[in-house]
Amino acid sequence: MNSKRPVFRHPDLPKNNLGYTRRDYEGLDSTLCAGCGHDSISNSIIQACFELSIEPHRVAKLSGIGCSSKTPAYFLGRSHGFNSVHGRMPSVATGANMANKDLLYIGVSGDGDTASIGMGQFVHVARRNLNMVYIVMNNGCYGLTKGQDSATADKGSSSRKGQPNPFEAIDLCEMAVQLGASFVARGFSGDKEQLVPLLKAAIGHKGFALVDVISPCVTFNNTQTSTKSYHWIRDHMEATATVDFIPQQKEITAQYEQGATQSVSLHDGSAIHLHKSDNSFDVTKKRVAVNALEHHREKGQILTGILHVNETLKDTHDILETTDKPLNTLTKKELCPGNQTLQKIFENYR
Amino acid sequence: MKNLKRINDFVIRFANVNGSGSASANNLFAKAVFRLGVPVSPKNIFPSNIQGLPTWYEVRVSEQGYQGRRGGYDFIVAVNGQTLEKDYDDLLPGGYFFYDSTRALSGHYKRKDITLLGMPLTDICNREIENPKLRPLLKNIIYVGALAHLLDMDFSVLTDSIAKQFSKKPKLAVPNIRALELGFKYASDHFPGACKLSVKRSNKLSTHILMDGNSATALGAVYGGATVAGWYPITPSTSVIEAFDKFTRQHRLDESGKRKAAIIQAEDELAALGIAVGGAWNGARSFTATSGPGISLMNELLGLAYFAEIPVVVVNVQRAGPSTGMPTRTQQSDTLACAYASHGDTKHVLLFPCDPKECFEMAGDSFDIAETLQTPVILMSDLDLGMNDHVCLPMEWDDKRNYRRGKVLDKDQLESMTEDWGRYLDRDGDGICYRTYPGTHPEKGAYFTRGSSHDEYAVYTEDTDAYKRCMERLSRKWVTARTLVPAPRIKRSGKPATWGAIFFGTSTYATYEAIEMLDKKGIALDTMRLRGFPFQDEVLEFIDQHKKLFVIEQNRDGQMRTLLINELGIVLNKLVSVTHIDGTPIDARYISQSIEAVLAKTPKGGAA
């Protein structure tokens, strides 16, 4: 694999507010299987960051281990990345975020990386409400080790191996809602129209934002008998609402023709507009989200869209009351209390 | 019977039930000795339990300044019925047995070679103290008052200590001072001239402090500029973080009162180190504190930090293993587990502090070393050092000293760079490459950190040559590390010595005392106190200068001996183990006796 890509940019490529083209948000060529859902998600991340005019170098990408965790190499090539240890991305992201609160942290994980080996860390990063976007590229199987079922595989679903999964599935979104995650959404890698605004809303949210993206594994789990296959998801997908993310600087011009609209204002003044077919779904209520998820599961459907938002929760830095300046910029002068203070401290030890 | 008769030179042991408030009373006693200017060394030997199990507090009073354990005890305050018989049996001949005589002693207690000092503590409490809740606590203070008389101590030091302790709640001082007086009065009425051990005011201590190693380590982290700490509660390391929290709340706030430190209690030790690794990767000085079982869990991320070259600091306050072992007892038994922690070829820089002063200094230095080398550094403390108070001179911080942040490129340096930058490109030949923090420059300096094999430009590779180049460069870095870790301290006996002794950490003070004891018997040994790993050339030179050497350490298998043999290629039988493994701090008598026993079997003229 070549570390260098041509830097040539066509002069007519559209540019965002910062003057960057979409190409400036791309990464290395993907080495995943052709048609992998994960590549579509990478593209959606690129699109979302491009459209939001995010400084590429002000993003830190972190991941665990697995097919999903390889993807940070394939987007945002100008951002620092950290492909850490299996299931440990949440703790590494926590430390990184503590060191510099001013960057955007995008964590990428898989269903094995999150729902099995990393379950402990996932649970705790959610309840700490770390300010990050946590993307699960969820394909219901372990790709790199050749197709074993994962903990998010539905009971009865069978992959290319042909054996129906005998265990209950973990619903990461339902769990995250219960854990107090302040933003929970579910998307589908094959539905960019929905995924890009979901990611933009997650980026705009201050606090822990889970985006669980169903992302079919074309090699091991795209069978007729799998509930994580392209055709199954397309046939069984329901959305809570059509999502529009309105950045703070933009005037609200969207028009809705039918149904109800719910607006959620975010910390930085931006807003999420949810154009809903069902008036009863209030995304700020945890219980509504859990009920809706269970309801759709009973019907054999997969509920997507924004499931829960709570803008009132403090993020980790606010909880810890850390100083406004990033900790990694503090100098000796700001950190070291000096010898005189030291000698004073010793008075208590005599 | 000959009573022990000594001034400022004895060992007193308190046998209590844990959770009864005895620790603060016993600490009051130790502090009073300290405030009388007499070197003192308290050791808390406590159970892994909240309430109801035996606990001991041993105080060595030593005008000569011996800080290690001596071995044996001359005076016992026996207020725990569960251990009464053993405490009685273990008292040295000529010693003093102070006990609660509210209950008469059984037929077991027939020794003629000790002095019995029975005081009806429970009776006195029930009679004199109205509030039943206070009785168990004040019972301990009463015996401290009695000790003041028995040991001929200046009583005002105790009352002043109480006043200082309760300066914010003076009302609480009153019953405590009364309890001291009750004990003192009873002892002066009933035991006149009974005890020939005494504590006299001395000038042996000047500006000295009495401090636990964990507080000193935490201060070192504050002064060393640590800002991110991930941790998981585990005895005996917890108080490192608690102290770091306290000191940063007191001395690290911004103008608006916000904190210049982020401390996160993690879900386990995997996450604790993960947090520190994330913080260090992102340019904040970061650390975690743990003990053996935590080190086991941290092996995974230590391998990542080694291979991805992340400068993280781990404080290991060791305890008695394996597994849960004896979690409240001390050992130096993680040497090998830390030196080679994680899978694959890994080696880690270790620092071995021997007292709170070195805890402070080495904790401060550890961040400089880690960032200079871009690798984990493990500070090897232990329960004895971390949780017990030690007399030492106050540490100094040189205000002119700057943090050595290592090879980090800032925005301007990246901007002016004309050649291609590679995160793992060794430009200087010392194995250490240039790193960047995320968010530094819009176009330059971004790279992908990974635990998978990578080339000089941090790109994933399975190219065998690239992998080999990387691993060999890490070996070059290891050579550089030898110039950065603290040098050993070598002491010559001044006489022709064929034998040497090697030790480190909390084996230090007891060993120095043992060496003096042996010297008086005509056995001369040169000594070398190890302070860091990797070993420098001086370590090998010292070993080469002697025919045989003792390696004194607190574990079963002689782990430091193994490490020396493995790293320096020493002939196996040249290094003789002296190991102490019962979980209590090693003592001088044990060391000297062990050495004598080996030498007795060795043909005259030294090593065979």
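The values are calculated or read from the model by the stated rules, or taken from the named source; none is laboratory data. Everything numeric in this text was worked out from a predicted model, so none of it was measured. Cβ atoms come from the backbone with ideal geometry, glycine included; neighbour counts cover every protein chain shown.
Quick look at the values:
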{"item": "Which listed residue, of A:Val283, A:Val288, A:Val264, is away from chain B (no Cβ under 14 Å), β-branched (Val, Ile, Thr) and part of a helix (DSSP H, G or I)", "result": "A:Val288"}
{"item": "All positions within the range A:224-249 that are polar (S, T, N, Q) and within 24 Å of A:Ala202 (Cα to Cα)", "result": "A:Thr240, A:Thr242, A:Gln248, A:Gln249"}
{"item": "Answer from B:Glu300, B:Glu361, B:Glu371 - the residue that is under 26 Å from B:Gly431 (Cβ atoms), of a type in the set (Asp, Glu) and within 14 Å of the chain's Cα centre (by Cα)", "result": "B:Glu361"}
{"item": "Residue within the range A:79-92 that is closer than 23 Å to A:Ser40 by Cβ, at the interface with chain B (Cβ under 7 Å from one of its Cβ atoms) and assigned to a loop (DSSP other than H, G, I, E, B) present", "result": "yes"}
{"item": "Qualifying residue in the range B:100-114 (condition: of a type in the set (Gly, Ala, Ser), modelled with pLDDT of 95 or more and assigned to a loop (DSSP other than H, G, I, E, B))", "result": "yes"}
{"item": "The range A:93-106: number of residues that are outside any helix (DSSP H, G or I), within 16 Å of the chain's Cα centre (by Cα) and within 7 Å of chain B (Cβ to nearest Cβ)", "result": "1"}
{"item": "In the range B:1-39, residue surrounded by the fewest Cβ atoms within 10 Å (Cβ to Cβ) [restricted to those that are of a type in the set (Val, Ile, Thr) and within 14 Å of chain A (Cβ to nearest Cβ)]", "result": "B:Val38"}
{"item": "Test: residue in the range B:81-94 that is part of a strand (DSSP E or B) and within 21 Å of B:Arg6 (Cα to Cα)", "result": "no"}
{"item": "Evaluation of B:Gly494 against (1) crowded, with 16+ Cβ neighbours inside 10 Å; (2) among the small types (Gly, Ala, Ser); (3) without any contact (Cβ under 8 Å) to a residue 40 or more places away in the chain; (4) in the same structural domain as B:Ala588 (by TED's automatic domain parsing) (one fails), failing number", "result": "(1)"}
{"item": "Boolean, A:Phe122 is under 15 Å from the mean Cα position of the chain (by Cα), within 13 Å of chain B (Cβ to nearest Cβ) and over 27 Å from B:Phe287 (Cβ atoms)", "result": "no"}
{"item": "Candidates B:Gly583, B:Gly569 - the one that is at pLDDT 95 or above and within 20 Å of the chain's Cα centre (by Cα)", "result": "B:Gly583"}
{"item": "Segments classed as strands (runs of 3 or more DSSP E), wholly inside the range B:335-442, with at least 2 members that are touching a strand residue (DSSP E or B) at 6+ places or on another chain (Cβ under 6 Å), away from every other protein chain (no Cβ under 14 Å) and of a type in the set (Val, Ile, Thr)", "result": "B:377-382"}
{"item": "Qualifying residues in the range B:337-349 (those that are farther than 15 Å from B:Asp382 by Cβ and among the hydrophobic types (A, V, I, L, M, F, W, C)) - the one surrounded by the fewest Cβ atoms within 10 Å (Cβ to Cβ)", "result": "B:Ala339"}
{"item": "Lone unmet requirement of (1) surrounded by 13 or more Cβ atoms within 10 Å (Cβ to Cβ); (2) part of a helix (DSSP H, G or I); (3) not charged (D, E, K, R) for A:His295", "result": "(1)"}
{"item": "Hits in the range B:445-470 - residues which are closer than 17 Å to A:Ile65 by Cβ and not in a loop (DSSP other than H, G, I, E, B)", "result": "B:Phe448, B:Thr449, B:Arg450, B:His454, B:Tyr460"}
{"item": "The range A:304-345 - residue that is among the aliphatic types (A, V, I, L, M) and touching a helix residue (DSSP H, G or I) at 6+ places or on another chain (Cβ under 6 Å) and, of those, nearest to the other protein chains (Cβ to nearest Cβ)", "result": "A:Leu327"}
{"item": "One residue from A:Glu238, A:Glu311 being at pLDDT below 95 and part of a loop (DSSP other than H, G, I, E, B)", "result": "A:Glu311"}
{"item": "Some residue of the range B:244-255 being touching a strand residue (DSSP E or B) at 6+ places or on another chain (Cβ under 9 Å), within 11 Å of B:Ala229 (Cα to Cα) and of a type in the set (Phe, Trp, Tyr)", "result": "yes"}
{"item": "Search result, residues across the range B:498-537 that are in contact (Cβ under 8 Å) with a residue 60 or more places away in the chain and among the small types (Gly, Ala, Ser)", "result": "B:Ala501, B:Gly505, B:Ser507, B:Ala510, B:Ala514, B:Gly532"}
{"item": "Within the range A:102-123, tally of residues that are in contact with a strand residue (DSSP E or B) (Cβ under 7 Å, 6 or more places away or on another chain) and farther than 26 Å from A:Ile170 by Cβ", "result": "2"}
{"item": "Count of the range B:223-245 residues which are more than 13 Å from B:Thr288 (Cα to Cα) and β-branched (Val, Ile, Thr)", "result": "1"}
{"item": "Strands (runs of 3 or more DSSP E) contained in the range B:248-325 and holding at least 3 residues more than 30 Å from B:Gly422 (Cβ to Cβ), within 8 Å of chain A (Cβ to nearest Cβ) and modelled with pLDDT of 95 or more", "result": "B:262-265"}
{"item": "Candidates B:Leu549, B:Leu540, B:Leu572, B:Leu564 - the one that is surrounded by fewer than 17 Cβ atoms within 10 Å (Cβ to Cβ), within 19 Å of B:Arg489 (Cα to Cα) and of a type outside the set (Phe, Trp, Tyr)", "result": "B:Leu540"}
{"item": "Tally, over the range B:527-546, of residues that are in a helix (DSSP H, G or I) and of a type in the set (Val, Ile, Thr)", "result": "2"}
{"item": "The listed residue being more than 7 Å from chain B (Cβ to nearest Cβ) and surrounded by 24 or more Cβ atoms within 10 Å (Cβ to Cβ), out of A:Ser116, A:Ser109", "result": "A:Ser109"}
{"item": "Flag if A:Asn348 is of a type in the set (S, T, N, Q), facing chain B (nearest Cβ under 8 Å) and assigned to a helix (DSSP H, G or I)", "result": "no"}
{"item": "All positions within the range A:205-238 that are within 18 Å of the chain's Cα centre (by Cα) and surrounded by fewer than 24 Cβ atoms within 10 Å (Cβ to Cβ)", "result": "A:Lys206"}
{"item": "Qualifying residue in the range B:198-205 (condition: surrounded by fewer than 24 Cβ atoms within 10 Å (Cβ to Cβ) and within 10 Å of chain A (Cβ to nearest Cβ))", "result": "yes"}
{"item": "From the options A:Leu62, A:Leu13, residue that is at pLDDT 95 or above and either within 12 Å of chain B (Cβ to nearest Cβ) or in a loop (DSSP other than H, G, I, E, B) (or both)", "result": "A:Leu62"}
